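Data first, discussion second: the structure below is written as structure tokens.
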Amino acid sequence: MRTISISLTNRAQAIASLLVFVSAICFAAKAILVKMAYRYEIDAVSMLALRMLFSLPFFLIIAWRANRHGSRSGQTPLRLRDFWQIAGLGLLGYYFASLFDFMGLRYISAGLERLILFIYPTLVLILSFLLYQKRITPAQGLALVLTYAGIAAAFAENLLRGANTNLWLGTAYVFLSALIFAFYLIGGGNIIQRFGTWRFTSLAMTAASVAILAHHGVVQQWRLWHFPAELYGLIAVMAVFSTVLPSFLVAEGLRVIGPGNTAIISSVSPVATIIMAYFFLGEQFGWLQWLGTLLVIIGVLFTSLHRK
């Protein structure tokens, strides 16, 4: 019986590891799909509105099922105050962060964007120090130095390649996206534990979807259906395979194998983006970009694995 139990545990961990790996590739593909969508002269708000519109039915169904299951299993009931707190965090993590990310991708390469977004664990570490006086160990300090040296190297290559004059602007937008997402993670830690990842994520994403659709309605009166058919196909793929699917794959993987192993497997994401950007977008990357990528991965992994 013990042998069977160990075998089942190993199988569950192997499946969870595969889920995290697939989610990392799906998340990596998002930047590629956004860059491809920009070829159809769509603005960031319209693209994000379509992405969330196509995602919304999935999140509504998952939220309904998660709430129903939570009620039956005796989980914490969702009060009005809790709902508004989750909605606020959803706006932070999936509305503002996503919007600034999409805006930044208009100006910088997909590879640089993924690298900047990937540093959010280091931003969580820094914010925890600034807000809660959580000590940063010398080893963590070294990891921060490595991470931001890597970002500097990747950024320098883009400068040397004569990237467009809005490189600084695009980088600032994406960094702001990573910073906002770090605030979202800090604010959502306790409430996620209370309500469960599935229920929290589906409700937060639903709130973000409603917000971006309202934003588009005020600014552009929901003029969303005049684009070429190919664009809707791209955004539908983005909604399903780079939004809904990876959000829940990584949540399930995190539950089974824990944050440390999830961080290790997810480190494939920046490399996957660079490879896909080369084949699908024709982006070129030199030794500085690869050096920067390696430094960022080492720094972020060390930060994630040694977080107290």
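Return yes when Tyr232 is among the aromatic types (Phe, Trp, Tyr) and at pLDDT 95 or above and no when it is not.
On the way: among the aromatic types (Phe, Trp, Tyr): yes; at pLDDT 95 or above: yes.
It is true that Tyr232 is among the aromatic types (Phe, Trp, Tyr) and at pLDDT 95 or above.
Which is out of contact with any helix residue (DSSP H, G or I) (no Cβ under 7 Å at 6 or more places or on another chain) and either without any contact (Cβ under 8 Å) to a residue 24 or more places away in the chain or over 22 Å from Asp43 (Cβ atoms) (or both), of Ala172, Ala214? First the steps, then the outcome.
Values: Ala172 fails: either without any contact (Cβ under 8 Å) to a residue 24 or more places away in the chain or over 22 Å from Asp43 (Cβ atoms) (or both).
After ruling out the rest, the residue left standing is Ala214.
Here is a list: Leu125, Leu131. Which entry is buried (at least 18 other Cβ atoms within 10 Å of the Cβ) and hydrophobic (A, V, I, L, M, F, W, C)? Break it down stepwise before answering.
Numbers: Leu131 fails: buried (at least 18 other Cβ atoms within 10 Å of the Cβ).
Every option except Leu125 fails the conditions.
When you go through (1) without any contact (Cβ under 8 Å) to a residue 60 or more places away in the chain; (2) crowded, with 20+ Cβ neighbours inside 10 Å; (3) not acidic (Asp, Glu) one by one for Leu48, which number turns out not to apply?
(1)
Looking for whichever is of a type in the set (Gly, Ala, Ser) and in contact with an Asp or Glu (Cβ under 9 Å, 6 or more places away or on another chain) here; the options are Ala251, Ala229, Ala236, Ala277. Which one fits?
On the way: Ala251 fails: in contact with an Asp or Glu (Cβ under 9 Å, 6 or more places away or on another chain); Ala229 fails: in contact with an Asp or Glu (Cβ under 9 Å, 6 or more places away or on another chain); Ala236 fails: in contact with an Asp or Glu (Cβ under 9 Å, 6 or more places away or on another chain).
Answer to the selection: Ala277.
Take Thr165 and decide whether it is hydroxyl-bearing (Ser, Thr, Tyr), farther than 18 Å from Val250 by Cα and out of contact with any Pro (no Cβ under 6 Å at 6 or more places or on another chain).
Values: hydroxyl-bearing (Ser, Thr, Tyr): yes; farther than 18 Å from Val250 by Cα: yes; out of contact with any Pro (no Cβ under 6 Å at 6 or more places or on another chain): yes.
Yes: the conditions hold for Thr165.
Name the pairs: first residue in segment 185-207 and modelled with pLDDT of 75 or more, second residue among the polar types (S, T, N, Q) and surrounded by 23 or more Cβ atoms within 10 Å (Cβ to Cβ), Cβ to Cβ under 6 Å, at least 6 apart or on different chains?
Listed pairs, sorted by first residue: Thr201/Ser247.
Can you find, within segment 123-163, the residue that is nearest to Phe302 (Cα to Cα) among those that are more than 21 Å from the chain's Cα centre (by Cα) and among the hydroxyl-bearing types (Ser, Thr, Tyr)?
That would be Thr137.
Any idea which of Phe175, Phe181 is under 18 Å from Ser98 (Cβ atoms) and either buried (at least 22 other Cβ atoms within 10 Å of the Cβ) or modelled with pLDDT under 95 (or both)? Working first, answer last.
Values: Phe175 fails: either buried (at least 22 other Cβ atoms within 10 Å of the Cβ) or modelled with pLDDT under 95 (or both).
Just one listed residue meets the conditions, Phe181.
Taking helices (runs of 4 or more DSSP H) that fall entirely within segment 194-293, which contain at least 2 residues that are touching a Gly at 6+ places or on another chain (Cβ under 9 Å) and surrounded by 14 or more Cβ atoms within 10 Å (Cβ to Cβ)? Steps first, please.
Details: elements: 197-220, 229-239, 245-266, 268-276.
Here the list reads 197-220, 245-266, 268-276.
The values are calculated or read from the model by the stated rules, or taken from the named source; none is laboratory data. Since this is a predicted model, take the numbers as computed values, not measurements. So basically every Cβ, Gly included, is an ideal-geometry build from the backbone, and we count neighbours across all protein chains shown.
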